[in-house]
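A quick write-up on the structure given underneath.
The values are calculated or read from the model by the stated rules, or taken from the named source; none is laboratory data. What you see is a predicted model; the values in this text were computed from it and never measured. Ideal geometry is used to build each Cβ from the backbone, glycine not excepted, and the neighbour counts take in all protein chains shown. Just so you know, the surface numbers come from the protein's heavy atoms only, side chains and all, with ligands and any DNA or RNA stripped out. Shrake-Rupley method; radii C 1.70, N 1.55, O 1.52, S 1.80 Å.
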Number of protein chains: 2
Amino acid sequence: MPERIYNFSPGPATLPVDVLAQAAKDIVNFNDKGIGLIEMSHRSKEFMAVAEEAESLVRELLNIPSNYKILFLQGGASSQFAMVPMNLLGPGKKGSYLNTGTWAKKAIKEANIIASAHVAYSSEESTFNHVPGDSDYSVDSDSEYLYFVSNNTIYGTQFQSMPKSDKMLVCDMSSDIMSRPFDMNQFGLVFAGAQKNIGPAGGTLVIVRDDLLDRTPDTVPTMFRYNTHADKGSMFNTPPCFAIYIIGLVCKWLKKNGGVTAMEKINKEKAALLYQAIDSTDFYRGHAQKSSRSLMNVTFNLPTPELEARFVAEASAKGFDGLKGHRSIGGCRASIYNAFPQQGVVDLVDFMKEFEKNA
Amino acid sequence: MPERIYNFSPGPATLPVDVLAQAAKDIVNFNDKGIGLIEMSHRSKEFMAVAEEAESLVRELLNIPSNYKILFLQGGASSQFAMVPMNLLGPGKKGSYLNTGTWAKKAIKEANIIASAHVAYSSEESTFNHVPGDSDYSVDSDSEYLYFVSNNTIYGTQFQSMPKSDKMLVCDMSSDIMSRPFDMNQFGLVFAGAQKNIGPAGGTLVIVRDDLLDRTPDTVPTMFRYNTHADKGSMFNTPPCFAIYIIGLVCKWLKKNGGVTAMEKINKEKAALLYQAIDSTDFYRGHAQKSSRSLMNVTFNLPTPELEARFVAEASAKGFDGLKGHRSIGGCRASIYNAFPQQGVVDLVDFMKEFEKNA
């Protein structure tokens, strides 16, 4: 196998190489059963064991209490933007939202199609360069929940601690789930598209408190009801088997490497290397305000768009891939999720210094 | 690699071994780029090429006219049960349905949640052992479409020719798409969960006539609107990349093996071997009426449930896996989709003869 490039893609994103090697074996011949992983019936005892192990590892790693259901769904976080209000609100009800970026804004749009969204805070006027502190907004007393996006992939901002509210929290944790511990008891529901920190595109993790499962209006179609999937252990219909399998392997890798607490420590170290490099010069400018900086996506600009384009191209030629910023804000972005190796960050920092010198 | 078992599972189902071998390579290192397939950004030029090729092969193999969009979605056929009426009907409108089995019945349920379903025909009273002929039912004149399931996986029945109607046809082709040619011009929309004939669980193929994309009421959430995905070439959000990739590989394999016309010939030969074995004795009894027999799923009974259980167990021990019938009708079922090898059918027939002799 040739050398691996350093993949800074925001998602689908780099995965542990051990996970990929195991998948390569199992996809042809699972556990030496003479059948490939993706050919197995989802109701076979072999696959049921795969799914049960994945669920139990998610529960263990995130310390999820027993009154929460863990669901493996499809449709990405984007489908959850609608499923959350379809199930938790319904017509005439209201949820409060913190508008901290593109994904929050899309969730607000869906909530307003289905029910009503109260935008408690927006950082849109400052190009979403920060997230609010607890004292920066108030939540309507008749809101059912406070919805937020814990990490904003595009803008490189992150809630460094979770919001405090007397309402239950609902969170899109797509781009930082499993990157640090959190207390699920504050949350009614957490969801995450898998393709950043925990697996491949095509799997969506939903963790939902079981008393919320009865709220769904009868008008919601079967597949878009959380209780449909909760009642059947995510096996109401054929689940995204391959994604569940990979999530399970990633969780095993996480556990072997010390779990989410160990990850948080390493993630802080990796991000610090990049932010120090940015702060040590005027050549690079961070997009996010310091108190809102993300450990997952480091966004920065160079003096001109031309230099940014050259930076991305020269980096790519040296095996640093995926550094181009999102089209909505331009610039550069280094996504350094759990599976991104520390050495890649060290090497990128060296490259940044060299590039500045030669610019 | 040890010998492969014969996998008669109804889905997820057996896939071409060449496809699995290629996937094993690409999942670790795609095209020697130093990055695994499931780690690549869906907007990278490498993955865009994968998705475009998959789409173009589906179009070519099924001879899809240019006024139809090909979409790669998530959520399985079960989500389409709702998305079809959400997009094509809406409140106050009506679709006619042929109730030929479990999946048709589930689709009818969803249509009645969203709009109104007219059940033009039902074979439920005869345990869904047949599908209707064109003269067996009539379609309400104010129906928007005639919905049917071309192949009923559980009961082993299939429309041996597509229904004729002056209404546009809408079809759940999950379990026989790519198994035979059909004329798309009769159809407004065709969908298929991938995990039987064209790929892994987690991908859903939708083919929809483009003039139908404007019908969706404004109240339908973004992700459940066909036009959302059609407008963005299935890249509105992160698509199920791995499933799209495998569908592409399966299509390449199909093309190399003569396309769907060649498949139909082989499928007829394979099914004939099994039906001949069933018809040549009173020991085995086919569930489906002869004129409704499926080329994909061959359902049959033995004289007693005890013998059926022994048959399934002994077959499994000899490497014939997944022959147990669906829990709703019991008995036995041999699912022999495109990728199921003819030799496996020959060997199963030998086993059936031997089992009968020793019973």
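Normalised radius of gyration for chain B, please: alpha carbon Rg relative to 2.2 N^0.38 Å, two decimal places. The reported ratio for this selection is 1.01. Quick one: grab the alpha carbon gyration tensor of region A:212-282, order the square roots of its eigenvalues as a ≥ b ≥ c, and give me rounded if a/c is under 1.5, else prolate or oblate depending on whether a/b is larger than b/c. Cα axes put region A:212-282 in the prolate bin. Of the solvent-accessible surface of region B:259-358, computed with a 1.4 Å probe and all protein chains present, 52% belongs to carbon and sulfur.
Taking every DSSP beta bridge with both residues inside region A:65-198, roughly what % is antiparallel (nearest 5)? It would help to have the intermediate numbers written out before the result.
Values: 2 of 19 bridges.
Approximately 10 percent, going by the DSSP bridge assignments.
Compared with the direct C-alpha span, the chain from A:H118 to A:N185 gains 21.8 nm at full extension, assuming 0.36 nm per residue. Legend: residue pairs B:K25/B:K265; B:K256/B:K290; A:K25/A:K268; B:K109/B:K324; A:K45/B:K324; A:K270/A:K318, Cα-Cα distance threshold 24 Å; pairs beyond threshold, B:K25/B:K265; B:K256/B:K290; A:K25/A:K268; B:K109/B:K324.
Per residue, the accessible area of the protein assembly as shown comes to 36 Å² when a 1.4 Å probe rolls over the protein heavy atoms.
Here the Gaussian network model covers chain A, with springs between Cα atoms less than 10 Å apart; of A:N87, A:N63, A:N297, A:N63 fluctuates the most. Distances from B:L307 to itself in the other copies, using label points 7 Å out along the Cα-Cβ axis, amount to 8.4 nm in increasing order. Starting from 0 in steps of 5 Å, tell me what percent of the Cα-Cα pairs of region A:46-96 lands in each bin. Taking all Cα pairs of region A:46-96, the binned fractions are 5, 15, 18, 17, 22, 13, 7, 3, 1, 0 percent. Of all DSSP-defined beta bridges confined to region B:18-256, some 45% are antiparallel rather than parallel. Extending 7 Å from the Cα toward the beta-carbon at both A:D136 and B:D211 defines two label points whose distance is 5.2 nm.
Starting from the label point of A:D210 at 7 Å along Cα→Cβ, the same points in the other copies fall at 5.1 nm, in ascending order. For the segment A:192-202, counting C-beta atoms of other chains within 10 Å of every residue's C-beta and taking the mean gives 5. A Cα-only calculation for region A:259-358 places Rg and Dmax at 12.9, 41 Å. A simple spin-label model places the labels of A:K232 and A:N67 2.8 nm from each other, with each point 7 Å out along Cα-to-Cβ.
B:A49 label point (Cα plus 7 Å toward Cβ) to equivalent points in the other copies: 4.0 nm, shortest first.
How high is the relative contact order of region B:151-257, in percent, counting Cα pairs under 8 Å that sit 6 or more residues apart? Reported as a whole number, the value is 20 percent.
The helix-only estimate of mean residue ellipticity at 222 nm for chain B, built from DSSP H runs of length n ≥ 4 each weighted as -39500 (n - 2.57), is -11500 deg cm²/dmol after division by the residue total. Between the amide H of B:S175 and those of B:N151, distances stay under 5 Å, these residues lying 5 or more places away or on another chain, with hydrogens modeled in the peptide plane. Using θ = phi - 60° in the Karplus curve 6.51 cos²θ - 1.76 cosθ + 1.60, the 3J(HN,Hα) couplings for region B:235-242 round to 10, 4, 10, 5, x, x, 4, 4 Hz; x is entered for Gly and Pro.
Summarising the amide proton neighbourhood of A:I336: residues at separation of 5 or more, or on other chains, whose placed amide H is nearer than 5 Å comprise A:N297, A:V298.
Between B:A111, B:I247, A:N129, the Cα set farthest toward the positive side of the dipole of the protein assembly as shown (charges on each charged residue's Cβ, about the Cα centre) is that of B:I247. Dimensions of the protein assembly as shown from C-alpha coordinates, computed as largest minus smallest value along each principal axis and given longest first, are 85, 56, 50 Å. Each 10 Å bin from 0 upward holds the following percent of the Cα-Cα pairs of region B:1-152: 9, 24, 28, 22, 13, 3.
Each residue of region B:270-281 is assigned a 3J(HN,Hα), and the resulting list reads 4, 5, 4, 4, 6, 5, 4, 4, 5, 6, 7, 8 Hz, derived from the Karplus form 6.51 cos²θ - 1.76 cosθ + 1.60 (θ = phi - 60°), x at Gly and Pro.
Buried surface for the A/B pair, taken as the accessible area of each chain alone minus that of the pair with a 1.4 Å probe, is close to 4600 Å² in total. Annotation for A:A359 and B:S280: the two label points, set 7 Å from Cα along the Cα-Cβ direction, are 7.8 nm apart.
The GNM of chain A, with springs linking C-alpha atoms under 10 angstrom apart, assigns the highest mean-square fluctuation among A:E124, A:E55, A:E110 to A:E124.
DSSP assigns beta bridges within the protein assembly as shown; of those with both partners inside it, close to 50 percent run antiparallel. Sort region A:135-281 into rounded, prolate or oblate with this rule: let a ≥ b ≥ c be the square roots of the eigenvalues of the Cα gyration tensor; rounded if a/c is under 1.5, and if a/c is not under 1.5, prolate when a/b is larger than b/c, oblate otherwise. Judged from the Cα gyration tensor, region A:135-281 comes out oblate (a/c at least 1.5, b/c at or above a/b).
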